[in-house]
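Structure first, commentary second.
Laboratory data are not the source of any read-out in this text; all were calculated from the coordinates shown. Treat the numbers as computed from the prediction; the structure is a model and nothing was measured. Here the Cβ positions follow ideal geometry from the backbone for every residue, glycine too, while neighbour counts run over all protein chains shown.
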Amino acid sequence: MPVAAGDLTRRRGEYGVDAPYVPLLMASGAVAAIAVFFIGFVVSNPTIGIPALNIGLALAASTADYLYASRVGKFVVWADILRSLHLRGDERVLDVGCGRGAVLLMVAKLLPRGRAGGVDLWRTTDQSGNALEATRRNADLEDVADRVELDTADMRALRFPDETYDLVVSSLAIHNIPDSVGRAKAIDEAVRVLRRGGRIVIVDINATREYQARFRERGLVEVHLRSLGPRLWFGGPWVAASLVEARKPA
């Protein structure tokens, strides 16, 4: 029976928070700024207190925005993306930097006759509670463990043969590679393991124009880049996620 769009966003697993130190720092800054506001009024110096209050409220709003994007918006956006791909249900799909399985397990629900593979280095700085065991547990909870394969691997050196997958996806992962050379290598590896006629779909921040250019250098077609709007603002429009997608010529 086909999976309804709403079913993709109903989760039984626990998927943590992306880069958890970021909202923690923002929330700490908000608390400190609001404390300065109150101290300013205690010492009868509102010229200090009012700007501090404005900063504190802005940081609090940014924290809430970030947590919404990580805990809610990401799932809604990816459900829309995955449904738009019109998968047959028998494809092989790879999630590069899968973390605790937010996207991996959603796509697995659309593959009753296919396989969904996920690779990650399982670093908790990239996602809270990130661990191979946590992703396996989520796969069990989402009732897709029978069609999910997990591997510990660097996305710059995948251990899969050429042209293994019909679709490669990645969510908020490739930008964690600190240098442009490494990010280009990750893109090259994703292209290498993609079958002819297959598609790559990446949602990320900061480096999306790099990916778009690299896709074109590697000969991919139907290369598109677009903003995903406020649902994926990680603290505000200055840290907005975009979608980059392309197809490997048949």
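Taken together, the residues in segment 148-181 that are in contact with a strand residue (DSSP E or B) (Cβ under 8 Å, 6 or more places away or on another chain), of a type in the set (A, V, I, L, M) and not in a strand (DSSP E or B) amount to 6.
Being under 19 Å from Gly97 (Cα atoms) and in contact with a Ser or Thr (Cβ under 7 Å, 6 or more places away or on another chain) narrows it down to one of Thr152, Thr164, Thr208, so name that one.
Values: Thr152 fails: in contact with a Ser or Thr (Cβ under 7 Å, 6 or more places away or on another chain); Thr164 fails: in contact with a Ser or Thr (Cβ under 7 Å, 6 or more places away or on another chain).
None of the others qualify; the one that does is Thr208.
Taking the criterion of being within 15 Å of Ser171 (Cβ to Cβ), free of Cβ contacts under 8 Å to residues at least 60 places away in the same chain, outside any loop (DSSP other than H, G, I, E, B) and of a type outside the set (D, E, K, R), would at least one residue in segment 91-98 satisfy it? Looking through segment 91-98, none of the residues is within 15 Å of Ser171 (Cβ to Cβ), free of Cβ contacts under 8 Å to residues at least 60 places away in the same chain, outside any loop (DSSP other than H, G, I, E, B) and of a type outside the set (D, E, K, R). With respect to the stated conditions, Ala207 fails to be in contact with a Gly (Cβ under 6 Å, 6 or more places away or on another chain) and of a type in the set (Gly, Ala, Ser). The combined condition, being exposed (fewer than 14 other Cβ atoms within 10 Å of the Cβ) and within 17 Å of Gly97 (Cα to Cα), is fulfilled by Asp179.
Yes/no per residue for (1) out of contact with any helix residue (DSSP H, G or I) (no Cβ under 6 Å at 6 or more places or on another chain); (2) within 30 Å of Ala190 (Cβ to Cβ); (3) not polar (S, T, N, Q):
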residue	(1), (2), (3)
Glu14	yes, yes, yes
Val17	no, yes, yes
Asn54	yes, no, no
Glu91	yes, yes, yes
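Restricting attention to segment 226-249, the residues that are in a helix (DSSP H, G or I) and of a type outside the set (Val, Ile, Thr) add up to 5. Please list, ordered by first then second residue, the pairs with beta carbon atoms under 7 Å, 6 or more apart or interchain, first in segment 57-72 and over 16 Å from Ser171 (Cα atoms), second surrounded by fewer than 16 Cβ atoms within 10 Å (Cβ to Cβ). Between residues of segment 57-72 that are over 16 Å from Ser171 (Cα atoms) and residues that are surrounded by fewer than 16 Cβ atoms within 10 Å (Cβ to Cβ), the close pairs are Ser62/Gly236; Asp65/Gly236.
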